[in-house]
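Structure first, then comments.
The values are calculated or read from the model by the stated rules, or taken from the named source; none is laboratory data. In this text, all values refer to a predicted model and were calculated from it rather than measured experimentally. Every residue, glycine as well, gets a Cβ built from its backbone with ideal geometry; the counts of neighbours run over all protein chains shown. The area values use the complete protein model at the heavy-atom level, side chains included, leaving out ligands, DNA and RNA. Shrake-Rupley method; radii C 1.70, N 1.55, O 1.52, S 1.80 Å.
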Amino acid sequence: MRKERENLKQSCIVSNDETGVFGHVGDFAVRAYRNLCKNCTFVINVFRGIYNTCRGRSCMRRVDLWVEINRAGLRAIPIVCLISFMVGVIIAFVGHMQLELFGAEIYVAALVAISMVRIIGAIMTGIIMAGRTGASYAAEIGSMRANDEIDALKTMGISPMEFLVLPRVFALTITMPILTVIADVVSIFGGMCVAMLIMNISISEYWHTTLDWITFNNFAVGVFHGWIFGWVIAITGCICGLRAQKNAAGIGHATTRAVVMGIIGCVAATAILTVIFNWLDV
């Protein structure tokens with residue numbers, strides 16, 4: 001019996017080794033397809049919950065929504081302002097070093113304004129919120145899953161999608177465009193500080209140049225990016241939390257996965273939206 005078991009184990013090992021690269025690629029493709037189907041189902045359920053909320057048939061509480069807006073919005077303003085100010089300073093300083101060679105230092109204001117308002121401000125805010133809020137969502141929901149609190153909600157007839165996910169999705173959807181605008185303003189202020197201290201450009205001259213180069217299309221594109229990033233970060237964080245394993249290692253893995261997938265989702269959404277806006281000549 002022992003020899004038969006050893007022979008069976010060896011045959012299994014050999015068969016696993018013989019699968020080779022194509023076998024691993026096939027397994028990866030199958031897992032990717034299943035995850036894609038699950039993610040699509042999750043997104044459909046989110047929209048279904050939004051529809052029920054609009055009809056007044058959702059179990060989402062307004063108190064939870066305001067709490068999440070406070071956590072994802074107001075408490076995130078200091079870190080967003082700090083990072084945006086430093087990014088504006090860096091862009092202005094690097095632009096000054098290059099434009100000084102051509103005697104066009106005043107165009108530093110245009111460089112900071114266009115780059116931050118159109119795309120960089122939204123991207124930096126998305127990365128900050130993915131590491132701050134997306135990870136928090138995954139850890140909180142993962143801990144509730146480990147403590148069987150989600151199963152308790154289902155037992156009481158309460159939908160975890162409407163009770164846990166929707167307040168977080170609504171909160172980030174509302175706060176991300178606002179945080180993006182705040183990041184744009186603070187980064188322009190950072191560039192203004194560099195212009196005043198290094199290039200001896202007056203505040204009025206810098207401000208008028210900034211307003212001349214900022215268009216409504218650039219502003220609208222940046223805010224729309226922030227709105228999409230809010231959806232991406234909230235959904236990825238909640239998905240990772242709901243699928244976390246019921247142990248400490250599983251919660252840590254879900255948190256890390258939420259940050260990584262949130263950043264990747266923001267970058268992928270940026271690439272897609274950039275192609276679409278260029279095609280529409282926006």
Legend entry - Accessible area per residue in Å² at 1.4 Å probe, computed on the chain: 56 Å²
Inset, instruction - Report the FRET efficiency, 1/(1 + (r/R0)^6), for H24 and L211, where r is their Cβ-Cβ distance and R0 is 51 Å, rounded to 0.05. - result: 0.35
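Filter the chain for me: DSSP H helices, axial length by Cα at least 20 angstrom, mean Kyte-Doolittle hydropathy not below -0.5. List them by residue number.
Working: long enough: 2-54 (66 Å, -0.31); 77-99 (32 Å, 2.20); 166-197 (46 Å, 1.83); 216-242 (39 Å, 1.46); 248-279 (46 Å, 1.45).
What comes out of the filter, once short or polar helices are dropped, is 2-54, 77-99, 166-197, 216-242, 248-279.
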Legend entry - the stretch 136-282, accessible surface, carbon-and-sulfur percent (1.4 angstrom probe): 70 percent
Inset, instruction - Summarise the long-distance tail of P(r) for the stretch 30-85 by giving the % of C-alpha pairs beyond 12 Å. - result: 76 percent
Inset, instruction - Rounded to the nearest Å, what's the spacing between the alpha carbon centres of the stretch 151-209 and the stretch 243-282? Just the number, please. - result: 17 Å
Legend entry - 14 Å beta-carbon shell around L153, net charge (K/R +1, D/E -1): -3
Inset, instruction - List the longest stretch of the chain that has no exposed loop site; here a site is one of the trypsin sites (Lys or Arg not before Pro) assigned by DSSP to anything other than H, G, I, E or B, with at most 16 other Cβ within 10 Å. - result: 62-245
Legend entry - Relative contact order (%) - the stretch 172-282, alpha-carbon pairs under 8 angstrom, separation at least six: 30 percent
Inset, instruction - Could I have the simple spin-label model distance between F93 and L36, label points 7 Å from Cα toward Cβ, reported in nm to one decimal? - result: 4.4 nm
Legend entry - Electrostatic dipole magnitude of the chain [Cβ: Lys, Arg +1; Asp, Glu -1; Cα centre; debye, to 20]: 1340 debye
